[in-house]
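Colleague: First the structure, which I've put down as structure tokens, then a few questions once you've had a look.
The values are calculated or read from the model by the stated rules, or taken from the named source; none is laboratory data. Since the model is a prediction, treat every value here as computed from it, not as a measurement. Please note: Cβ atoms are built from the backbone with ideal geometry, for glycine as well, and neighbour counts cover all protein chains shown.
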Amino acid sequence: MGTQLLKVATKAAIATSLLLAGCTEQAKPKQETTPPAANAPGTPTPKKVPDVVYVPTPQVVVDKMLEMAKVGKNDVLYDLGSGDGRIVITAAEKFGTKGTGIEIDPKLVKQATTNAEKAKVSDRVQFLEQDLFQTDISSATVVTLYLLPELNLRLRPTLLRTLKPGTRIVSHDFDMGIWKPERVERVKGPRREHIVGLWVVPEKVPPELLNVESELEQLRRLQTPTPQATP
Ligand SMILES: C[S@@+](CC[C@H](N)C(=O)[O-])C[C@H]1O[C@@H](n2cnc3c(N)ncnc32)[C@H](O)[C@@H]1O
């Protein structure tokens, strides 16, 4: 049953990853070529091209992610790529959790900060305009992710090296390569089925989990269009 779920999870993840990767490919050139004059005056733009486009996690999936991580009052939650802040804000509202959202897009940082004020949780949460790959997350006890398979893989060594044993990591839709989840759940969203996985940082990290190069190479090969696919 578990293996079957994982197979479904992997298939769905690859499908969704290709979907999101496609969006990213469209978004990247836009980011790089849109002249500043095309933006409303004063509109802040990211200092770095985002590694993945903004797609919010449906609330029912947010709730499942927090339930699976068993988030509580004493946790310190980091959402890497926090969008409008919904995961961090929901954890603070429902469980009193202290949280930090790391987000590259200043517009989303502003929106998340406003949303936190509206939800009256500003005393427990903060949103920082930062690159998630340059952020110190060592104080986290829970990390939430809705990124891409490649980004999860690139993050894996940092998560395993810097987080304390017992830290829970919950990822929406995308897995951690050969690092197998403790639990996988499927959630019916408004438009499709979502997959949530839970990983727990072990006391002793198997060395093979720290090397992601061959898995990254495999992913890149999977995502490279074949000659037949091009017109
Ligand atoms: C798929 S969205 C997920 C948003 C939110 N976590 C949720 O689940 O609703 C990914 C977010 O990551 C942000 N992002 C992309 N690259 C980033 C980077 N290098 N550092 C921080 N945030 C980044 C995007 O701007 C986007 O808001």
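Colleague: Could you grab the pairs with beta carbons closer than 8 Å, sequence gap of 6+ or different chains, first residue in the stretch 131-152 and within 18 Å of residue 89 (Cα to Cα) and polar (S, T, N, Q), second one part of a loop (DSSP other than H, G, I, E, B) and more than 8 Å from the ligand (Cβ to nearest atom)?
Modeller: These pairs meet every condition: 141/74; 141/75; 141/164; 141/166; 141/167; 144/69.
Colleague: Consider residue 115 carefully, then state whether it is among the polar types (S, T, N, Q), buried (at least 16 other Cβ atoms within 10 Å of the Cβ) and either assigned to a helix (DSSP H, G or I) or more than 15 Å from the ligand (Cβ to nearest atom) (or both).
Modeller: Against the criterion (among the polar types (S, T, N, Q), buried (at least 16 other Cβ atoms within 10 Å of the Cβ) and either assigned to a helix (DSSP H, G or I) or more than 15 Å from the ligand (Cβ to nearest atom) (or both)), residue 115 qualifies.
So that you can scan it fast, the table gives a plain yes or no per residue for (1) among the acidic types (Asp, Glu); (2) at pLDDT 95 or above; (3) surrounded by fewer than 22 Cβ atoms within 10 Å (Cβ to Cβ); (4) within 8 Å of the ligand (Cβ to nearest atom):
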{"position": "40", "(1), (2), (3), (4)": "no, no, yes, no"}
{"position": "48", "(1), (2), (3), (4)": "no, no, yes, yes"}
{"position": "75", "(1), (2), (3), (4)": "yes, yes, yes, no"}
{"position": "101", "(1), (2), (3), (4)": "no, yes, no, yes"}
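Colleague: For the structure I just gave you, tell me whether residue 108 is within 14 Å of the ligand (Cβ to nearest atom) and more than 21 Å from residue 176 (Cα to Cα).
Modeller: yes
Colleague: Here is a list: 82, 122, 139. Which entry is within 13 Å of the ligand (Cβ to nearest atom) and not in a helix (DSSP H, G or I)?
Modeller: 82
Colleague: I've got another one for you. Mind telling me which of the residues 90, 97 ends up being of a type in the set (Ser, Thr, Tyr) and more than 12 Å from the ligand (Cβ to nearest atom)?
Modeller: 97
Colleague: If I ask for residues that are within 21 Å of residue 151 (Cα to Cα) and part of a loop (DSSP other than H, G, I, E, B), which ones from the stretch 176-203 would you list?
Modeller: 177, 178, 180, 181, 182, 201, 202
Colleague: So, one more: Residues to consider are 214, 171; find the one that is farther than 20 Å from residue 74 by Cβ, among the small types (Gly, Ala, Ser), without any contact (Cβ under 8 Å) to a residue 40 or more places away in the chain and assigned to a strand (DSSP E or B).
Modeller: The conditions single out 171.
Colleague: Restrict the check to the stretch 130-147 and report whether at least one residue is acidic (Asp, Glu), surrounded by fewer than 20 Cβ atoms within 10 Å (Cβ to Cβ) and over 14 Å from the mean Cα position of the chain (by Cα).
Modeller: Taking every residue of the stretch 130-147 in turn, at least one turns out to be acidic (Asp, Glu), surrounded by fewer than 20 Cβ atoms within 10 Å (Cβ to Cβ) and over 14 Å from the mean Cα position of the chain (by Cα).
Colleague: Does the stretch 62-69 contain any residue that is under 19 Å from residue 173 (Cβ atoms) and in a loop (DSSP other than H, G, I, E, B)?
Modeller: yes
Colleague: Name every residue in the stretch 96-112 that is of a type outside the set (D, E, K, R), part of a loop (DSSP other than H, G, I, E, B) and on the phi < 0 side of the Ramachandran plot, in order of residue number.
Modeller: Correct list: 97, 104.
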